[in-house]
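What follows is calculated from the coordinates using simple rules that are stated; it is not laboratory data. None of these values were measured; they are calculated from a predicted model. In this analysis, Cβ positions are derived from the backbone assuming ideal geometry, glycine residues included, and neighbour counts consider all displayed protein chains.
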Amino acid sequence: MSSYSARRKVVFRCPFCHSPLVKRTSHLSHDHLRHDSFNCTNPVCSAAFTGHTELTGVASPSGLPDARPTDLPPSPAYAREIAQRAHRMQHSGNQPDLLDALPLPADH
């Protein structure tokens, strides 16, 4: 195992020589889009690549009580969870589901 892979998680590998790529620069284009530049760690190959990292949806809401709203849509799994919870509440009243978080007793 090389010393590089022992220190860092390899996210991408060079398509030419299969060596790890390292992110050299990145800049934020807007709140949900970051442009990245990567270089091959093999000095003989030294290929360079560009790409982007994008936030596309909310997978889980913030736990902060005063969290600012976001313009990102809910992810499909999160949207399904919201719909299932609304359906249960509509058809089951206030009966909690086994997997729902239960409120703490008043003495805590």
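Under the shape rule built on the C-alpha gyration tensor, where the axes satisfy a ≥ b ≥ c, segment 8-54 is prolate, since a/c reaches at least 1.5 and a/b is greater than b/c. Residue-wise HN-Hα couplings along segment 20-35, as the Karplus relation 6.51 cos²θ - 1.76 cosθ + 1.60 with θ = phi - 60° gives them from phi, are x, 9, 10, 6, 9, 9, 7, 9, 7, 7, 7, 4, 10, 9, 10, 9 Hz; Gly and Pro carry x. Look at the alpha carbon pairs under 8 Å that are at least 6 residues apart: their mean separation over the length of segment 8-54 gives a relative contact order of 31 percent. For a paramagnetic label modelled on VAL10 (point 7 Å from Cα along Cα→Cβ), amide N atoms under 20 Å away belong, within segment 31-48, to 37-48. Ordered by the number of other Cβ atoms lying within 10 Å of each residue's own Cβ, fewest first, SER29, SER37 fall into the sequence SER29, SER37. If R0 is 22 Å, what FRET efficiency do you get for SER62 and THR25 from their C-beta distance, rounded to 0.05? Step by step, r from the Cβ atoms, then E = 0.15.
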